[in-house]
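Colleague: Once you've had a glance at the structure underneath, I'll fire off some questions.
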Amino acid sequence: MSSNPRSSEPRSVVITGASRGLGLASANHLYQRGWRVVAAMRSVDTGMKVLRKATGAGDDDPRLVGVSLDLTDSGSVTAAARSIEDAVGAPFGLVHNAGISAAGMVEETPAELWERMFATTIFGPVLLTKELLPSMRGAGAGRIVLVSSQGGVRGMPATAPYSAVKGALERWGESMAGEVAPFGIGVTVVVTGTYDTEIITDAGTTDCRDLTGVYARHHTTMDKRGRAAMKMAARAPEKFASGLAKALDSKKPFVKTAIGPDARMLLIANRLLPSAGLHHMTRLMMGIPRFGAMRSGDTYSG
């Protein structure tokens, strides 16, 4: 069992978005390793049934606590923070995993989507962290894990809102790490690879694409290549959960690490290649027409 250095009690970890995907797999994995898991989610009644079934935990198991959390509602975030502290005191781990996915070019994505994306991935998590930091500072130990993605390393076409918030998430983590390290709190930015969860499917993505509009050629090629890549690269969520557990055990003040071979390759490429080179590589991989190929009056020839 993982022991809290401050007491004989098991370490506690808060995981947002714990009702499905990487959050569900991570909550299950850490519970099995002896952690006390606070599962934060929109629908506690539905989500905890799924999580208890996965873990085998009973309704009254004190090592598995469900907390209602809507990251787009500041009142819900504040109430969730109080519920967390009432349940476990100062959490040792705070994992910001919750997120949403969307597909569409910048011209196609409405402002409301951008606002919801930032509320879910930045504004809500920042507020939750602000609410919990006083108790974590008082405890003198802990780790905040921000779950980023390949979109946070390199902005990807057709996912600008998602790439933008993940990039912001990483800059937030880098800044915060310097602030909280003197209090014994570390920060880890986790760059995820491709995992077989709902977020990579049509059902888990807000689709803003206009398949008959000006970007139709982009979408046709990118959709075909993207689905093939997902099929080849997607790994089981449980593999991510194992990597997250290692991230929580880090003793370093700041870490940026990849979980998944494709994420590791992108981090290496990002270090070695200039921005223009990465842009060109992305264009070729996605089959996007060359610069100027679709100017008015021009004939697109691939």
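The values are calculated or read from the model by the stated rules, or taken from the named source; none is laboratory data. Computed from a predicted model, the values in this text were never measured in an experiment. Heads up, the Cβs are rebuilt from the backbone with ideal geometry, glycines too, and the neighbour counts pull from every protein chain shown.
Colleague: Can you name every residue in region 241-259 that is closer than 11 Å to Val189 by Cβ and part of a helix (DSSP H, G or I)?
Modeller: Ala247
Colleague: I would also like to ask the following. Please verify whether Ser301 is farther than 30 Å from Phe92 by Cα, modelled with pLDDT under 80 and either of a type in the set (Lys, Arg) or exposed (fewer than 14 other Cβ atoms within 10 Å of the Cβ) (or both), treating the condition exactly as stated.
Modeller: Against the criterion (farther than 30 Å from Phe92 by Cα, modelled with pLDDT under 80 and either of a type in the set (Lys, Arg) or exposed (fewer than 14 other Cβ atoms within 10 Å of the Cβ) (or both)), Ser301 qualifies.
Colleague: Check region 128-147 and report whether any residue there is outside any helix (DSSP H, G or I), under 20 Å from Gly243 (Cα atoms) and over 18 Å from the mean Cα position of the chain (by Cα).
Modeller: Among the residues of region 128-147, at least one is outside any helix (DSSP H, G or I), under 20 Å from Gly243 (Cα atoms) and over 18 Å from the mean Cα position of the chain (by Cα), which makes the answer yes.
Colleague: Please work out which one of (1) modelled with pLDDT of 80 or more; (2) in a loop (DSSP other than H, G, I, E, B) is the condition Ala203 fails and give its number.
Modeller: (1)
Colleague: So, in region 256-278, exactly how many residues are closer than 13 Å to Val147 by Cβ and either surrounded by fewer than 14 Cβ atoms within 10 Å (Cβ to Cβ) or not small (Gly, Ala, Ser) (or both)?
Modeller: Looking only at that region, the number is 3.
Colleague: On to the next question. Going through region 94-114 one residue at a time, which ones are without any contact (Cβ under 8 Å) to a residue 60 or more places away in the chain and either surrounded by 19 or more Cβ atoms within 10 Å (Cβ to Cβ) or within 21 Å of Val214 (Cβ to Cβ) (or both)?
Modeller: The answer is Val106, Ala111, Trp114.
Colleague: Could you pull out the residue among Thr109, Thr121 that is under 30 Å from Pro274 (Cα atoms), in contact with a Gly (Cβ under 6 Å, 6 or more places away or on another chain) and either modelled with pLDDT under 95 or not in a strand (DSSP E or B) (or both)?
Modeller: That would be Thr121, the only listed residue that is under 30 Å from Pro274 (Cα atoms), in contact with a Gly (Cβ under 6 Å, 6 or more places away or on another chain) and either modelled with pLDDT under 95 or not in a strand (DSSP E or B) (or both).
Colleague: Testing Tyr215 on (1) farther than 19 Å from Arg290 by Cα; (2) crowded, with 18+ Cβ neighbours inside 10 Å; (3) modelled with pLDDT of 85 or more, one condition comes back false. Which one is that?
Modeller: It fails just one condition, (1).
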